[in-house]
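Here the structure comes first, spelled out in structure tokens, and everything after it is commentary.
The numbers here are math on the coordinates, done by the rules we state, and not lab data. Just so it is clear, the structure is predicted and the values come from calculations on it, not from any experiment. Neighbour counts are summed over all protein chains in view; Cβ atoms, including those assigned to glycine, are modelled from backbone coordinates with ideal geometry.
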Amino acid sequence: MKADSKQEQVEGRGWHLEFGRPLVIAGPCSAETEDQTVQTAQALARHGIRIFRAGIWKPRTRPNSFEGVGLPGLAWLRRVKQETGMLTATEVANARHVREALAAGVDMLWIGARTTVNPFAVQEIADALQGEDVRVLVKNPVNPDLELWVGALERLQKAGLRRLGAIHRGFSVHESKLYRNPPQWQLAIDLK
């Protein structure tokens, strides 16, 4: 990675990110239709957002719930990239997702909170990413477990990935709170 005072070029995927400005990654939690995905990306691009994220595969608690559009949604992300010039990101939960997302030219992957809690799933993803040069973000586990979060990052690092990031998305709690997933900042501080 080379940097100067005005911008950063990330080797391998042609990223150009400016210092001194927050990096915003935005898009729908779930890509549901091609029109929704592309129109959202176009609106975000007009506001200077440089990285578009959309859930293509959505792990759900109960069967018969919408679990994402799957493979067709990757074509929508390619279209977003072609029409807006934005970088693209999506969640992966297994090796097949990794292979399909990378083959479609997705620039950044993230591991969701439900997957982070499963060391076998994280290892499968790490094995599929061995030798790849892609940014991977890891969400904290649903429950406040620092060791699982660290362990997921370590598995990816052992697979040779160096461009890793942690997403602090908050944690589930049993009592009623102001936020759906209260932050519990101490765990993020401890992770750092």
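Taking PRO22, PRO144, PRO72 as the candidate residues, the one with maximal mean-square fluctuation in a Gaussian network model of the chain, Cα springs under 10 Å, is PRO22. Taking only the alpha-carbon positions of the chain and ignoring solvent, what does the Debye formula give for the base-10 log of I(q)/I(0) at q = 0.14 Å⁻¹? Summing over Cα pairs of the chain leads to -0.85. The overall shape of region 89-192 is prolate: from the C-alpha gyration tensor, with semi-axes ordered a ≥ b ≥ c, the ratio a/c is 1.5 or greater and a/b exceeds b/c.
What you get for region 55-104, charging only the Cβ of Lys and Arg (+1) and of Asp and Glu (-1), is a dipole of about 80 debye around the Cα centre.
Sorting 177-184, 61-68, 78-85, 131-138 by average packing, meaning the other beta carbons within 10 Å per residue, from highest down gives 131-138, 78-85, 177-184, 61-68.
Highest mean first, the peptides 147-155, 31-39 sorted by other C-beta atoms within 10 Å per residue fall in the order 147-155, 31-39. For region 20-68, a/c is not less than 1.5, where a ≥ b ≥ c are the root eigenvalues of the C-alpha gyration tensor, and a/b does not top b/c. That puts it in the oblate class.
Measuring nothing but how far apart in sequence close Cα pairs (under 8 Å, 6+ apart) lie, relative to its length, region 64-161 scores a relative contact order of 25 percent.
How would you rank 117-127, 103-113, highest first, on the average number of other Cβ atoms within 10 Å across their residues? Before the final figure, lay out the partial values.
Numbers: 117-127: 17.8, 103-113: 20.3.
Result, highest mean Cβ count within 10 Å first: 103-113, 117-127.
Of the cross-linked pairs LYS58/LYS177; LYS139/LYS192; LYS58/LYS139; LYS58/LYS158, those separated by over 23 Å at the C-alpha level are LYS58/LYS177; LYS58/LYS158.
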